[in-house]
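Trainee: Please see the structure below; I have some questions.
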Amino acid sequence: MPLLNTHIQLQLDNFMLESDDALELKGITAVFGPSGAGKTTFLRILAGLEKNASGSLSYADEVWQNTQKNIFLPPHKRRIGFVFQDGRLFTHLTVEKNLYYSYKRAKKSLHKRNHIDFSKIVESLELRTLLSRFPDSLSGGEKQRVAIGRALLQNPQLLLMDEPLSALDRARKVEIIPYIEHTTKHFQIPILYVTHNIEEVARLANEIILISSGRIKATGTTENILERVDLRHLTDQLDEGAILQVTVDSTSEGITNLLIGKETLKVPAINLKPKTKVQLLIRAKEVAIATQPPHHLSIRNILNANILNIDISDKVFAELTLNVSGQSLRSRVTLNAVKELGLKKDQHVYALIKSVIFEGRILS
Amino acid sequence: MDSLDLGPVWLSIQLATVTVLVLLVIGTPLAWWLANTRSRIKPVLEALIALPLVLPPTVLGFYLLILLGPAGPVGRFWVHLTDSTLTFSFSGLIIASVIYSFPFAIQPLQNAFENIGPDPLEAAATLGAKPIDAFVTVASPMALRGYVTAMILSFAHTLGEFGVILMVGGNIPGSTRVVSIAIYEHVETLSYEQAHILSAGLLIFSFVVLLSVYIFNRRLPLNRF
């Protein structure tokens, strides 16, 4: 397993990015953490795009940087591939020429047999029909597929991906993820994958590097990191959920009733007139499931729901889509829970709602 | 009527062509540097480069005459080197034109490079391109519109130059008598017919050139050249 040795620092506007870790890289490693934590900068330092970073940096048996010895390998000499958030395809070149740009300048492999095969990449990312087109005419998902192909054609020893899916909507993400999965398996290149989206982490990554405020807080397998209670305040951020349209009903004794069709949701009083329509965000992790009417619980909001879909493409969690009076609600439970409760499509269940978010405020 | 002497036309075209080439060679690295530097002397340089836009040609011509004249620092060195004077020669005109048209080449190039920004070049670097390679294969083609504008504006501006040329070059047939000077001469000697032909020619030429710039810029989508 290639070892990434980092003893590096970089002063940024509002904090110091520091890393003093030896990281073994295999498969997909998520660089995960809240926005502004320094994830992208960390990746840029590895690529050699931050010239002001100081310290030492080596990967496998190559020294990339050593400030004391005055060594700084420029980006074009590091054996990396970089997929930018916005793809950064060359707009003056066709897709084919974008790919060739990289292929012509590919890093020479130590072993010839590893040399990357142009048509294999085109096949595996299904780029054949796009070759003659210009980047401006591609959809966001197509652009990122080309960008991934272009980075792979560098014959990299390490692939750096900076939130490659963040500019895409959910449907496009779902479309691209399988490409990333099978491409990495096929080409056997370790990947550092920056994201602040926990679903992408859970779906793609075997390992997590957790970054917050410019430091690496923890590293480990995805399961371990996501289960660690002491890291909850970091891993829970920017979690996804569902938006519900509700109608304000009566308010009394500090409690407002919100109507979702026939169901009622009780929240701490919000200052709105009855019949006002409002939007609520309910995070998937805030929705628990019961198969029988629960008693003796502190949770006051229990809604009748039907299971519309169970997504088990993840390694740890299952993502349930529920129907509550015609609106969708999402719930994230463990795969174990799905198995033990015997959850099935179309089954009637009770959705236990721990908290809702209204105008950025958490109401529980 | 004397038959129309087309010598000044060819001389103008030669002067403008050489000026444009010199400006591209000097202007490209300078505009690139200006677009990417955070140096404190950047505004000073930008102001210096823009000076010919606001200075009367006579002021520029006067200083150039002093600088390039046989007694001036540059002129003396030139005489020492070539045994001929820079003032009242074609070489002197080239130097004067380059300085006079400098902003017309630098500003479009600098704007184009600034618009491209660092992102495409970073991408090129991660794809194995050395800085020079990235400049030639990514930045230059993306800045094509800036190049076309710079070339056409400085070419047309050199053709229309009068005051500086009169002061630095005088009016020597075959050496410094360019179109604008020839028109002035025809008017002075009341040969209105020749003045008309040359003036109309210059007018039509300038219009066609500017029209083609605007058409070219409209036809091509902003980022694809």
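Trainee: How much length would be gained if the chain were fully extended between A:LYS344 and A:GLN68, taking 0.36 nm per residue of separation minus their Cα-Cα distance, in nm to one decimal?
Mentor: 93.3 nm
Trainee: Follow-up question, since we're still on this one. Looking at the protein assembly as shown from every direction and averaging, what is the projected area of its Cα convex hull in nm²?
Mentor: Taking a quarter of the hull surface, the average projection is 39.7 nm².
Trainee: To the nearest 100 Å², how much accessible surface do chains B and A hide from each other in total, with a 1.4 Å probe?
Mentor: 1800
Trainee: Mind jotting down the distance between the C-alpha centroids of segment B:68-103 and segment B:1-45, whole Å?
Mentor: 15
Trainee: I want the local charge near B:ARG177. Using Cβ-Cβ distances under 11 Å, sum +1 for each Lys or Arg and -1 for each Asp or Glu among the other residues.
Mentor: Net charge around B:ARG177: -2.
Trainee: Now, a different point. Just to be sure I understand: if I project the alpha-carbon convex hull of segment A:3-231 onto a plane and average over all orientations, what area do I get in nm²?
Mentor: 12.6
Trainee: A further question follows. Which order do you get for B:ARG76, B:ARG38, A:ARG215, A:ARG145 if you rank them by accessible area with a 1.4 Å probe, largest at the top?
Mentor: Highest to lowest solvent-accessible surface, that is B:ARG38, B:ARG76, A:ARG215, A:ARG145.
Trainee: Quick one: accessible area per residue over segment B:1-59, 1.4 Å probe, rounded to a whole number of Å²?
Mentor: About 62 Å² of surface per residue is accessible.
Trainee: Residues of segment A:241-358: accessible area per residue at 1.4 Å, in Å²?
Mentor: Ligands and nucleic acids excluded, the result is 53 Å² per residue.
Trainee: List the residues of segment B:105-125 for which accessible area in the full set of protein chains is at least 30 Å² lower than for the chain on its own; 1.4 Å probe, protein heavy atoms only.
Mentor: Going by heavy-atom accessible area, the residues of segment B:105-125 that drop by at least 30 Å² are B:ASP119, B:GLU122, B:ALA123, B:ALA125.
Trainee: I'd like the accessible area for B:GLU188: 1.4 Å probe, protein heavy atoms, all chains in place, Å² to the nearest 10.
Mentor: Counting only protein heavy atoms, the figure is 120 Å².
Trainee: In addition: Using the alpha-carbon atoms, what tilt in degrees (0 to 90, nearest 10) does helix B:7-36 show relative to the longest principal axis of chain B?
Mentor: Around 30 degrees separate the two axes.
Trainee: Next up: Karplus couplings for segment A:189-201 from phi (6.51 cos²θ - 1.76 cosθ + 1.60, θ = phi - 60°), rounded to Hz, Gly and Pro as x?
Mentor: For segment A:189-201, the Karplus-derived couplings read 10, x, 10, 9, 10, 7, 7, 10, 9, 5, 5, 4, 4 Hz, x marking Gly and Pro.
Trainee: Would you work out what percent of the accessible area of the protein assembly as shown, with all protein chains in place, is carbon or sulfur (probe 1.4 Å)?
Mentor: Summing carbon and sulfur atoms, their accessible area is 57 percent of the total for the protein assembly as shown.
Trainee: Give me the distance in nm between label points sitting 7 Å out from Cα along the Cα-to-Cβ direction at A:ALA60 and A:GLU126, one decimal.
Mentor: 3.1
Trainee: Magnitude of the Cβ-charge dipole of the protein assembly as shown, K/R +1 and D/E -1, about the Cα centre, nearest 20 debye?
Mentor: Values: 57 positive and 51 negative charges, 265 e Å.
About 1280 debye.
Trainee: Counting only residues 5 or more places away or on other chains, whose amide H sits under 5 Å from the amide H of A:ILE80 once H atoms are built in the peptide plane?
Mentor: It is A:GLN157, by chain and number.
Trainee: Could you tell me which residue out of B:VAL59, A:PRO293, B:ILE99 lies farthest along the dipole of the protein assembly as shown toward its positive end? Charges go on the beta carbon: Lys and Arg +1, Asp and Glu -1, centred on the Cα centre.
Mentor: Farthest towards the positive end: A:PRO293.
Trainee: Once both axes come from the Cα atoms, what is the angle between helix A:170-187 and the longest principal axis of chain A, in degrees from 0 to 90, rounded to 10?
Mentor: Once rounded, one gets 40 degrees.
Trainee: Apply the Kirkwood formula to chain B: the hydrodynamic radius equals the inverse of the mean of 1/r over all pairs of different alpha-carbon atoms; give it in Å with one decimal.
Mentor: Details: mean 1/r = 0.0520 Å⁻¹.
It works out to 19.2 Å.
Trainee: Moving on. Give me the net charge for the shell around A:THR247: Cβ to Cβ below 10 angstrom, other residues only, Lys and Arg +1, Asp and Glu -1.
Mentor: Residues close to A:THR247 contribute a combined charge of +1.
Trainee: Average the reciprocal distances over every distinct pair of alpha-carbons in segment B:91-225, invert the result, and give the Kirkwood radius in Å.
Mentor: Here the Kirkwood hydrodynamic radius works out to 17.4 Å.
Trainee: For A:HIS7, B:HIS196, B:HIS80, B:HIS186, give the ranking by accessible area with the largest first, probe 1.4 Å. Intermediate values should be presented prior to the final figure.
Mentor: Values: A:HIS7 85, B:HIS196 130, B:HIS80 150, B:HIS186 40 Å².
Reading off the accessible areas and sorting them downward yields B:HIS80, B:HIS196, A:HIS7, B:HIS186.
Trainee: Further question on the same structure: Can you give the accessible area of B:SER91, probe radius 1.4 Å, in Å² rounded to 10?
Mentor: Solvent-accessible area, nearest 10 Å²: 50 Å².
Trainee: Taking H placed 1.01 Å from N in the peptide plane, check which residues at least 5 places from B:ILE172 or on another chain put their amide H under 5 Å from its amide H.
Mentor: The answer is B:ARG177.
Trainee: Next up: Of A:THR91, A:GLY141, A:LEU192, which is farthest along the charge dipole of chain A in the positive direction, counting Lys and Arg as +1 and Asp and Glu as -1 at C-beta?
Mentor: With unit charges placed on the Cβ atoms, the residue in question is A:THR91.
Trainee: Just to be sure I understand the curve: with the Debye formula and one point per C-alpha of segment A:1-116, what is log10 I(q)/I(0) at q = 0.19 Å⁻¹?
Mentor: With one equal scatterer per Cα and no solvent, log10 I(q)/I(0) is -1.19.
Trainee: Can you give the angle from 0 to 90° between the axis of helix B:179-188 and the longest principal axis of chain B, with both taken from C-alpha atoms, to the nearest 10?
Mentor: Taking Cα atoms only, the helix is inclined about 30 degrees.
Trainee: Which residues of segment A:63-92 show a drop of at least 50 Å² in accessible area when all protein chains are present, compared with their chain alone (probe radius 1.4 Å, heavy atoms only, ligands and nucleic acids excluded)?
Mentor: Listed by number, the residues meeting the 50 Å² cut-off are A:HIS76, A:ARG88, A:PHE90, A:THR91, A:HIS92.
Trainee: Order B:PHE205, A:PHE84, most accessible first, counting only protein heavy atoms with a 1.4 angstrom probe.
Mentor: The most accessible residue leads, giving B:PHE205, A:PHE84.
Trainee: Sticking with this structure for a sec: Using +1 on the beta carbon of Lys and Arg, -1 on that of Asp and Glu, and nothing else charged, what's the dipole of segment A:241-358 about the Cα centre, debye to 20?
Mentor: 140
Trainee: Rounded to the nearest Å, what's the spacing between the alpha carbon centres of segment A:1-22 and segment A:27-80? Just the number, please.
Mentor: Centre-to-centre distance over Cα atoms comes out at 8 Å.
Trainee: Please give the solvent-accessible surface of A:HIS348 in Å², to the nearest 10, using a probe radius of 1.4 Å with every protein chain present.
Mentor: The value for A:HIS348 is about 80 Å².
The values are calculated or read from the model by the stated rules, or taken from the named source; none is laboratory data. Every value quoted in this text rests on a predicted model; they were computed, and no experiment measured them. We place every Cβ from the backbone using ideal geometry, glycine too, and count neighbours over all the protein chains shown. Accessible surface areas use protein heavy atoms only, side chains included; no ligands, DNA or RNA. Shrake-Rupley method; radii C 1.70, N 1.55, O 1.52, S 1.80 Å.
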